[in-house]
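S.K.: Can you read through this structure? Questions will come right after.
The values are calculated or read from the model by the stated rules, or taken from the named source; none is laboratory data. Computed from a predicted structure; not experimentally measured. Cβ atoms come from the backbone with ideal geometry, glycine included; neighbour counts cover every protein chain shown. With ligands, DNA and RNA removed, areas are computed over all heavy atoms of the protein, side chains included. Shrake-Rupley method; radii C 1.70, N 1.55, O 1.52, S 1.80 Å.
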Amino acid sequence: MNPVRPRVVQVLVIEDDPAIRQLLRTTLEAEGHAVHEAATARDGRTLAGNRRIDVYLVDLGLPDGDGVALIRELRGWTQRPILVLSARTQEAQKVEALDAGADDFVTKPFGVAELHARLRVALRHASQTTLEGEAALTVGPATVDLSAKTVQRDGEQVHLTATQWRLLEVLCRHAGRVVTARQLLREVWGPGHADQAHYLRIYIRQLRQKLEADPAHPVHLVTETGVGYRLVIDNDSIG
Ligand code: CA
């Protein structure tokens, strides 16, 4: 379909479970990606320093250290996307990892389709340096224009308060990716409000009323239980 072959994506998998590494290698190679494997934080660090990596997949429970610390370290020198591989028992660590700079997470056991969707979104965002002046996003029945700071629904202008707009703007900047409650509170209300999750629930509910076709069953402003929220857009209209 597309005659121009994109450059092969270099993925570094840092995961101590050999079965999961094997599964990731198989599925990522089937997509045409190149896979580098590390079973320890130490080997991961070495490979990260020696190779030109496009995206990192990091397990949170590594035999020689904490995945969160490794993510914080990687984030100190790379802007490339970092996806967390977490088990259901690692909810708190998952949030910590996201707050430390990870872009998104995949919960084990994960589906292959979900993994690829998360990777695509992360790589797409990594290739964009700015959203300024970009096209509008389609969110269900609504269209959000980030440069004009307007929302239209069924041809009508939707009025948003300043706070509602700031919240929507942050979610749009991270469209397709999870944003932690802490991050949203910090970016929208300021650093002193990081623990006031009830603000967030109120404003998310208000935004759902304005943007969702069925606010009681949201499909765009989605809750990621125990973590935060994710804005699911209809198309890849960003960029
Ligand atoms: Ca592990």
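S.K.: When you scan the range 137-171, how many residues do you find that are among the hydrophobic types (A, V, I, L, M, F, W, C) and either assigned by TED's automatic domain parsing to the domain that holds residue 121 or under 18 Å from residue 213 (Cβ atoms) (or both)?
M.R.: 9
S.K.: Starting from the range 54-71, keep only residues that are charged (D, E, K, R), then list their pairs with residues that are assigned to a strand (DSSP E or B) whose Cβ atoms are within a distance under 7 Å, requiring at least 6 positions of separation or different chains.
M.R.: What qualifies is 54/10; 54/11; 59/14; 59/85.
S.K.: On the basis of being open to solvent by 20 Å² or more (accessible area, probe 1.4 Å) and closer than 26 Å to residue 205 by Cα, does residue 163 make the cut?
M.R.: Yes.
S.K.: While we're looking at this one, here's another question. With (1) more than 24 Å from residue 117 (Cβ to Cβ); (2) away from the ligand (no atom under 11 Å from the Cβ) as the list, and residue 30 as the residue in question, which single condition is left unmet?
M.R.: Only one criterion is unmet by residue 30, namely (1).
S.K.: Continuing with the same structure: Would you mind stating whether residue 104 is open to solvent by less than 70 Å² (accessible area, probe 1.4 Å), under 17 Å from residue 24 (Cβ atoms) and charged (D, E, K, R)?
M.R.: Yes.
S.K.: Collect the residues in the range 75-127 that are assigned to a strand (DSSP E or B), more than 15 Å from the ligand (Cβ to nearest atom) and charged (D, E, K, R), keeping them in residue-number order.
M.R.: Selection gives 104 alone.
S.K.: Against the definition (surrounded by fewer than 16 Cβ atoms within 10 Å (Cβ to Cβ), more than 22 Å from the chain's Cα centre (by Cα), of a type in the set (Lys, Arg) and not in a strand (DSSP E or B)), how does residue 42 come out, yes or no?
M.R.: Spelling it out, residue 42 is indeed surrounded by fewer than 16 Cβ atoms within 10 Å (Cβ to Cβ), more than 22 Å from the chain's Cα centre (by Cα), of a type in the set (Lys, Arg) and not in a strand (DSSP E or B).
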